Amino acid sequence: MQKSDAAIDMELLKACVRRRRARYVVLGIASLLLSLAGSLCFAPRSVTARMSISVAQPAEGIGMLASMTGMGASPTGKYVGALKSRQFAEAVEARAQIQKLYRIPLRDDAIERVQDGLSVNDSVRDGLIYIDLTLPAPPLLAPGGRAAGERCRQRVALAANTYGELLRDFVTTGDFDRDSLLLRSADDRVKDARAGYDRDVESLASFVVSSRLPGGRKISVEESAGAEAMGKALETLLSTRAVLQGDLQAALAGVATASRLRQAQLANLSHLPGDDPLLPQARAAVAAARGEAAALRLQYGPDHPRVLLAQDRLHVAEAELARQAASVRAGTGSDSLDAQAKIASLQAQFTTLERQIAQVEAGAIVGREFQTEFDRRKNEVMLRLEVLKAAASQAATLSVQLVAGSKRLTVIDRALPPRHATPGGLVFVLFSMLVSTTMLALQALVDYARAARNAAGRDGRESDSGLSEAA
């Protein structure tokens, strides 16, 4: 039965393969070795390092819900954008020396290589940010390839970890959300208060060391014997006055600090937690009225009488909250009155003590200039100490209520130098086998086509000779 020209004569193909078997073996081995050698010596490879970090958010649940429903951006979107920025890429290139490692003529090209190799995956399911950095690696059998490959593995891990460090610095010092600003402001206030306290303590110590005797003169034995009792009494009174003055200054500073913080809370009543002791009933009434009005508006529409009545109740609750806030702001609350009464009591005690000291000093021979300067410096130290305590207490309260920038970012897995570059030797072997198989198949087809043409020529000549004999 005659086959069509498009069909392959398998018997003829097998005969061609059997006839040229030795050549096919040589061709297959040669192509396999050449392809494998070319791949190992010239094929580019790459190394990838990965690190994972966790970034806590002030309103993580809301941000995650918005990102999952497509109604808002991911809460960590700004951090992903910062990681992909050129500023971060420049810092990474300078730290890892990418331009020097790959001998790139222009630094801009090295920075672009870092940016092109960066991949950031903000996984909502895992709650982590994965940072993948891929850099080129030398061929497997290139001259000096082992040492160069080791350098590439170390540098890509260093560059990936540098991205994590830069993001930590950004979250700590460059993040401008409300929590970060409050925490940084509190930290700056503590640093300023501590610096002022240290400065006043050093000033007091220097004054005591530089003054040999009160008043800059020596007291005779007779004067000391006659003034011993009065000196002790004066010393007791002065010590009591210093303590009382410190208490008074501390009370004034506490009232001022409490008033300033209370004003800040009154300016943002909606941001206070539900269990905050500042106007809890009025805030709860406003929240309940607002919720009721919203529910009725959804149920009946905006013009329903029940909705209008609920809105009136909401206005009344808001007016009552504003009235109470104004009262607290004016300082007519119980806490403010108690603090003012305490300050008035301390001032009265201080006035009485000053009068007693004046009576004792009338007959005292101890140098008053020294004692006055010493008291002044000591009171400044005590005042600075109270200011430092108040600032530290406020900073501690904020650090408990809010998430600090330095604690918001946590490195889960640091980037380690990759064990191998990709693609590996097995991939090159498989690729070389594919190339060798393709070469053998093409050569077999060429030989088959040549044999088929020769067979067709012979069949044509035999047909012509048969026809001539028949004629």
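Conditions (1) part of a helix (DSSP H, G or I); (2) buried (at least 16 other Cβ atoms within 10 Å of the Cβ); (3) at pLDDT 90 or above, marked per residue:
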{"position": "92", "(1), (2), (3)": "yes, yes, yes"}
{"position": "100", "(1), (2), (3)": "yes, no, yes"}
{"position": "105", "(1), (2), (3)": "no, no, yes"}
{"position": "108", "(1), (2), (3)": "yes, no, yes"}
{"position": "111", "(1), (2), (3)": "yes, yes, yes"}
{"position": "114", "(1), (2), (3)": "yes, yes, yes"}
{"position": "119", "(1), (2), (3)": "no, no, yes"}
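So which residues in the range 307-322 are out of contact with any Lys or Arg (no Cβ under 7 Å at 6 or more places or on another chain) and closer than 11 Å to residue 283 by Cβ, if there are any at all? Within the range 307-322, 317, 318, 320 qualify. Of all residues in the range 15-46, those satisfying the criterion of being crowded, with 19+ Cβ neighbours inside 10 Å and in contact with a Ser or Thr (Cβ under 7 Å, 6 or more places away or on another chain) are 31, 32, 35, 36, 39, 45. Just a yes or no: is a residue in the range 393-411 of a type in the set (A, V, I, L, M, F, W, C), at pLDDT 80 or above and either assigned to a helix (DSSP H, G or I) or touching a Cys at 6+ places or on another chain (Cβ under 9 Å) (or both)? No, the range 393-411 contains no residue that is of a type in the set (A, V, I, L, M, F, W, C), at pLDDT 80 or above and either assigned to a helix (DSSP H, G or I) or touching a Cys at 6+ places or on another chain (Cβ under 9 Å) (or both). When the range 87-119 is filtered for residues that are in contact (Cβ under 8 Å) with a residue 12 or more places away in the chain and touching a Lys or Arg at 6+ places or on another chain (Cβ under 6 Å), the ones remaining, listed by number, are 96, 101.
Looking only at the range 135-161, residues that are under 22 Å from the mean Cα position of the chain (by Cα) and surrounded by fewer than 20 Cβ atoms within 10 Å (Cβ to Cβ) come to 1 in all.
Do we find a residue being touching a Leu at 6+ places or on another chain (Cβ under 9 Å), surrounded by fewer than 19 Cβ atoms within 10 Å (Cβ to Cβ) and more than 25 Å from residue 41 (Cα to Cα) anywhere in the range 123-131? No - not one qualifying residue is present in the range 123-131.
The values are calculated or read from the model by the stated rules, or taken from the named source; none is laboratory data. Nothing here was measured: the structure is a model prediction, and the numbers come from that model. With ideal geometry, Cβ positions are generated from the backbone for all residues, glycine too; neighbour counts draw on all protein chains shown.
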